[in-house]
Amino acid sequence: MPQVDRYKQRAVNIEFFAVEDCSLLPYTDRFSLIFITSGSIKGLLNDRPICINAPGILCLAGDDEWQVTEKHKLAAQSFNFHPEFLVSAIYVETEDYLPTAPRIQTGRSFFVREHPSMAVPRITEKAYPLLFQWFFVLGTEVQAQSDERWACRIKKYLIQILGLLEDLNRMSQHSPVDAVLEYIHTHYPKKILLEDLTNCAHMNRVTLNQLFQERCGYTAIGYLLSHRLKMACDLLTHTDMSLNDIAGSIGFEYDTYFIKQFTAKKGMSPTTYRIISRKLATHV
């Protein structure tokens, strides 16, 4: 059932199930993000056989056809949300809601069946602990509603989870650059030094930066900054998190440094970007 927001007297159309046996999926009018933490499951998704071994992720839309054919020592959790939950915070929390309001696009490909394989995004051993942590905190927040911005924080974790899954599924993991990319995508909320990246790639700074320039158009640290600012853009557009909270979520120790870097790279302050991005999205 939808969560009753005890701070704003509204229904938030999300559910978190700490124990998900997958037999009742999919849930009507919901996107479901199922995190399989142990065991395995086999089933038919729109008549296509799939098999997921832990750790794994299954993404289902409300109109999917899903049938479990076999489970073995399965342990799973699920986060389920109405598509309208993807509307930016300012529009769903006020009376100014517009049908064309900006919506979170990160991870939508996992719920669209143009590519059925995207329903089971690839995750890696290094990414698993971070995904587990974010999923656990997301689920805790659904139940706790620790303050009036609880739904906003859930959107933050959803953006981060889906964003990491997108990044993991773009990588081939066949080169030192791929190893560093995975390290950045799974550690960017924390402090990262160039030494951490060179140790990850097992090469010196000059060689690593040369390979990064050829592959990504940035130095390694330049790519890290670019990725952090990309995540910041999503959080600015789709949540009402403070600049200080956003800065902390993407690896900046101080919001002043975040604002300085954002303004230098984007040509406008984070606050101006937030206003403009929301206005532009309503005219798409």
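Observations on the model:
- Relative contact order computed over the range 14-54 (Cα-Cα under 8 Å; 6+ residues apart), in percent: 28
- Assuming charge only on the beta carbon of Lys and Arg (+1) and of Asp and Glu (-1), the dipole of the chain about its Cα centre is about 660 debye to the nearest 20.
- For residue 227, solvent-accessible area (1.4 Å; no DNA, RNA or ligand), Å²: 10
- Charge dipole (the range 149-284, unit charges on Cβ, about Cα centre) - positive-most of 241, 180, 212: 241
- Maximal additional length on extending the residue 280-residue 44 stretch stands at 80.9 nm, based on 0.36 nm per residue less the C-alpha distance.
- Relative contact order (%) - the range 209-284, alpha-carbon pairs under 8 angstrom, separation at least six: 22
- Taking the three principal axes of the alpha carbon atoms in the range 196-235, the coordinate ranges are 34, 20, 10 Å, sorted in descending order.
- Principal axes of the range 198-284: Cα extent on each, largest first, Å: 44, 30, 19
- Three principal axis lengths of the range 135-284 [C-alpha, angstrom, descending]: 47, 36, 32
- Think of each Lys and Arg Cβ as +1 and each Asp and Glu Cβ as -1; about the Cα centre, that makes the dipole of the range 178-273 roughly 260 debye.
- For the chain, complete DSSP H runs whose alpha carbons reach 20 Å or more along their own long axis and whose mean Kyte-Doolittle score is 0.0 or higher are 128-144, 150-168, 220-238.
- Residue pairs, from the table 230/260; 190/265; 73/155; 126/260, whose Cα atoms sit over 24 Å apart: 73/155; 126/260
- Relative contact order of the chain: 16 percent, from C-alpha pairs under 8 Å at least 6 residues apart in sequence.
- The range 109-194, dipole about Cα centre (Lys/Arg Cβ +1, Asp/Glu Cβ -1), debye to the nearest 20: 120
- Remark: the residue 144-residue 67 segment gains 24.5 nm on full extension, using 0.36 nm per residue and subtracting the alpha carbon distance.
- For residue 10, the residues whose amide H sits under 5 Å from its own are 5, ignoring neighbours fewer than 5 places away on the same chain, with H placed 1.01 Å from N.
- Rounded to the nearest 10 square angstrom, residue 32 shows an accessible area of 0 square angstrom against a 1.4 Å probe.
- Whole-number accessible area per residue in Å² for the chain, which is evaluated in the context of all protein chains at 1.4 Å: 49
- Order by protection proxy (mean Cβ within 10 Å, highest first), peptides 251-257, 197-203: 197-203, 251-257
- Candidates per GluC sites (Glu not before Pro) in the range 134-221, loop by DSSP, up to 14 other Cβ within 10 Å: 148
- According to the Kirkwood relation over distinct C-alpha pairs, the hydrodynamic radius of the chain is 20.0 Å.
- The portion of the accessible surface of the chain made up by carbon and sulfur, rounded to a whole percent, is 53 (1.4 Å probe; DNA, RNA and ligands excluded).
The values are calculated or read from the model by the stated rules, or taken from the named source; none is laboratory data. Remember, it's a predicted structure, so these values are computed and weren't measured experimentally. FYI the Cβ positions are ideal-geometry reconstructions off the backbone, even for glycines, and counts take in every protein chain you see. These area figures cover heavy atoms from the full protein model, side chains too; ligands, DNA and RNA do not enter into them. Shrake-Rupley method; radii C 1.70, N 1.55, O 1.52, S 1.80 Å.
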